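The values are calculated or read from the model by the stated rules, or taken from the named source; none is laboratory data. Computed from a predicted model, the values in this text were never measured in an experiment. Note that we place each Cβ from the backbone using ideal geometry, even for glycine, and neighbour counts take in every protein chain shown.
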Amino acid sequence: MSAGTRRLPAGTTDPAEGSQRPDRLLRHAGTASRLALGGLLALAPLIDVVGLGGSPVFLLVGLLLGLPHGAVDHLVPAWLSARARPLSARVTLLVSYAAVAGAGLAAFRAAPALALVGFLTVSVVHFGTADEAFHAERDGRPVRPRVAAVVAYGGLPVVLPLALWRDHVDPLLAAVAPRAPALLTTEVRALALATVLGAVAVTMIRDVNAGRVGDAVQPALLAALFGTVPPSLAVGAYFAAWHSGRHVARLLRHDPRNAADLRAGRVGPPLRRFARQAAPPTVVAVGALLALVAWPGHRVDPLPATVAVLAALTLPHAVLVAWTDRREPGLRRPTG
């Protein structure tokens, strides 16, 4: 090796070399998510005719199917930083994660309407930055979210149902927090919708000008989906097939034990490894939720209980993902 040659960490390739083409795994994950939601959008007329999609069961199923995407949060820091590998660092992470989640649950008990509005706001930021990070990592670019793109990608699955499907959404909001619909006035929803649509236009134009025509189509797909498919079905499908599926693909790349398999084009072993890692936390979360809704003498409605638990877990999850994105994993490319 010459004196001027850098030695790269095991399982990575040179950023200059890797940025020449998109990452295969993330490219395929993006295609799969577009096909899933595109297929649902194609069925929208049939869904409308037969009256499917209005039941909150679809939302509950989608939320539960997407739950495992955050189940390995406690492992991610150690994958990306040697400082997070000692036992003391892992214990600190778990305690901090539980504390933040507990604070979220307490907020839902103390002020459910404000907590729900806060959860929706956090969701906009989290969904938007997740898609921006996904695209950057897929292309081998540094993760530097654009404000307009974050508002576009994050606002479409949250704001469009609130603004366009009020008769469907408000009963769900009221089931979680009775005063929440009153906080989201007509004026607030209209302003939020105008802001999101403006951000969508800016994002699509920027992507077209940058030569990313495929990315430019995605906000239009999401807008069509959330504008025509009942929100319970649309949000459930989006959370499971789009947001969670793309995040799992990123996680597979971040686990250093998957590097050799992904370089060879093998996705099965990494997926099985992820399933083993995610299973225990997911079982615990689902078990706690079942206890909440089925405990004799203290039963609660499954929908508000699920939303409260998911909201409580979303805040520490979003913080951890933001930390991950700041490490610019788009420059770490274990696949060809």
query: Does at least one position in region 87-97 carry a residue that is free of Cβ contacts under 8 Å to residues at least 24 places away in the same chain, surrounded by 13 or more Cβ atoms within 10 Å (Cβ to Cβ) and among the charged types (D, E, K, R)?
result: yes
Given (1) touching a residue at least 24 places away in the same chain (Cβ under 8 Å); (2) of a type outside the set (D, E, K, R); (3) over 30 Å from S55 (Cβ atoms); (4) surrounded by 15 or more Cβ atoms within 10 Å (Cβ to Cβ), A237 misses just (3)
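R109 - would you say it is outside any helix (DSSP H, G or I), among the charged types (D, E, K, R) and modelled with pLDDT under 95?
On the way: outside any helix (DSSP H, G or I): no; among the charged types (D, E, K, R): yes; modelled with pLDDT under 95: yes.
The answer is no for R109.
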Checklist entry - Looking at region 121-132, is at least one residue touching a helix residue (DSSP H, G or I) at 6+ places or on another chain (Cβ under 9 Å) and on the phi > 0 side of the Ramachandran plot? => result no
Matching residues in region 167-217 (free of Cβ contacts under 8 Å to residues at least 60 places away in the same chain, buried (at least 20 other Cβ atoms within 10 Å of the Cβ) and closer than 20 Å to D301 by Cβ) number 1
Here, helices (runs of 4 or more DSSP H) confined to region 36-83 with at least 2 residues that are under 19 Å from the mean Cα position of the chain (by Cα) and either more than 27 Å from P161 (Cα to Cα) or hydrophobic (A, V, I, L, M, F, W, C) (or both) are 56-66, 76-80
When every residue in region 22-41 that is out of contact with any helix residue (DSSP H, G or I) (no Cβ under 6 Å at 6 or more places or on another chain) and of a type in the set (A, V, I, L, M) is compared, the one farthest from A259 (Cα to Cα) is L35
